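Please treat every number below as a calculation from the coordinates, not as lab data. Just so it is clear, the structure is predicted and the values come from calculations on it, not from any experiment. Cβ placement follows ideal geometry from the backbone for every residue including glycine, while neighbour counts extend to all protein chains displayed.
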Amino acid sequence: MAVLTLPVSAPALPGKKLRRRVTKAATAPFAKALGKSAEDKAPVRLTHEQVEAFGKELDDLRARIVADLGDKDRDYIYKIIKAQRALEVAGRGLMYVLPAWPLAVASLGVAKILDNMEIGHNVMHGQYDWMKEKGLNSRVFEWDNVCPGDQWRHSHNYMHHTFTNILDMDRDIGYGILRMDKDQKWNPYYLGNPVYAFLLMVLFEWGVMLHDMHAEEVVQGKRDMNEVKELAKGWVRKAGPQALKDYVMFPALTGPLFLSTLAGNAAANLIRNVWAYSIIFCGHFPSGVQVFTKEETASETRAEWYLRQMLGSANITGGDLFHIMSGNLSHQIEHHLFPDIPAYRYPEMAPQVEAIAKKYGLPYNKGPFMKQIGSVWGKIFKLALPDSLVKIEEPAGVIVERAADRNSVA
């Protein structure tokens with residue numbers, strides 16, 4: 001568990017314990033919680049002034065990029081849209097030529113990836129709202145996916161990006177079905193962790209669609225079914241035409257090739273699902289990514305929010321094409337810091353963000369795809385088992401001195 005200290009006004013912990021958090025005596029309890037001795041893995045310590053200076057440097061970086069947005073960003077997104085449309089047309093057309101089936105599937109699969117990741121996800125974050133283009137308006141944009149755009153904007157843009165990696169608040173930690181952190185209490189249900197993860201991967205767009213339902217709360221009888229009915233109306237409105245398009249209309253248009261086209265469309269959706277799942281999980285759950293409690297993050301400042309985003313995310317290294325195909329979510333750290341900045345700018349910002357992290361002694365989690373995805377699946381298998389049977393190594397936490405804490409020590 002990463003460590004962010006609480007302001008004195010927070011009700012969860014007594015003042016005495018809070019005061020200890022800004023003294024040397026605090027090292028031992030936190031190191032014990034991490035499963036390491038203080039000497040082996042001491043937490044990083046930042047003063048209130050250091051944290052605020054860290055936040056100001058990130059604010060300044062953001063301001064420089066915003067001031068520079070213009071024609072090159074506009075040209076880039078239109079170029080990606082043009083490429084996506086060409087690939088989709090090619091994929092649909094090649095379905096009429098049976099020997100070209102593998103090429104048709106590949107073309108359509110790439111088109112769906114670009115639509116969902118580099119276009120849909122980023123546009124719905126408001127990254128291109130400054131262009132004032134109706135087709136790129138985050139509030140009304142819809143993507144080639146069964147999840148309604150408005151539900152995605154709530155579950156992802158608001159819930160996930162506001163409460164990133166806060167246990168019991170960010171539902172992206174395990175998506176309501178997986179155990180992805182040791183502080184999620186183990187029970188026998190989690191023995192199926194690898195199976196649930198596999199099913200979520202191959203059916204990812206459907207999992208995303210159901211995410212806002214809070215399925216575990218429905219099962220426990222804690223969710224108002226009227227709310228679920230309202231969500232279901234959106235599913236029918238969006239997923240119905242989506243499924244009709246991919247599994248009835250386009251296959252029917254190819255006549256005698258109906259079954260091969262149906263299989264091709266299903267395969268293209270599978271490619272998109274597996275890729276999107278893998279990129280997203282690599283950015284959120286590899287070794288080194290930290291999880292927080294509600295108490296640790298109570299009343300945090302903007303700079304402390306930045307700090308949480310950095311500690312709760314990870315990057316994937318790769319070439320230009322890899323970054324484009326990931327929607328630049330290979331720069332997940334930069335995305336969590338600046339979700340409404342065009343993702344096209346993240347490769348430019350990443351070295352500067354890493355330099356800022358290094359300046360303050362903070363970890364900047366990055367690695368190649370195979371390393372990150374291997375780490376993710378390793379965690380999925382380990383966390384399926386009771387804590388007594390496996391050892392989950394956690395990174396050192398970050399102890400933040402807040403202004404209120406320091407005043408209380410005087």
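Here are some notes:
- C-alpha center-to-center spacing [region 266-308, region 104-121] in angstrom: 21
- Taken over the alpha carbons of region 255-343 as equal point scatterers, the Debye sum produces base-10 log I(q)/I(0) values at 0.12, 0.14, 0.25 Å⁻¹ of -0.51, -0.63, -1.21.
- Remark: region 369-378, residue by residue, has Karplus-estimated 3J(HN,Hα) of 3, 5, 5, 5, 6, x, 5, 4, 5, x Hz, where x stands for each Gly or Pro and the curve is 6.51 cos²θ - 1.76 cosθ + 1.60 at θ = phi - 60°.
- Across all directions, the average projected area of the convex hull around the alpha carbons of the chain is 21.7 nm².
- Label zone of ASP320 (point 7 Å out along Cα→Cβ, amide N under 19 Å): in region 109-128 this covers 114, 118-119.
- For region 95-212, the convex hull spanned by the alpha carbon atoms encloses 130 Å³ per residue.
- Mean separation of Cα contacts under 8 Å (6+ apart) over length of region 136-259, as relative contact order %: 31
- Checking the cross-link pairs LYS56/LYS79; LYS112/LYS238; LYS233/LYS294; LYS56/LYS294 against a 26 Å limit on the alpha carbon distance flags LYS56/LYS79; LYS233/LYS294 as lying beyond it.
- Mean separation of Cα contacts under 8 Å (6+ apart) over length of region 191-307, as relative contact order %: 29
- More than 18 angstrom apart: percent of Cα pairs within region 311-388: 46
- Taking amide H atoms as placed 1.01 Å from N in the peptide plane, the amide H of ARG45 lies under 5 Å from those of ILE399, each 5 or more residues away in sequence or on another chain.
- Descending principal axes extents, region 36-126, alpha-carbon based, whole Å: 65, 42, 17
- Of the Cα atoms belonging to region 194-281, the radius of gyration and Dmax stand at 15.7, 49 Å.
- Qualifying trypsin sites (Lys or Arg not before Pro) in region 232-340, DSSP loop, other Cβ atoms within 10 Å at most 16: LYS294
- Helical contribution to [θ] at 222 nm, DSSP H n ≥ 4, -39,500 (n - 2.57), averaged over the chain, rounded to 500: -15500 deg cm²/dmol
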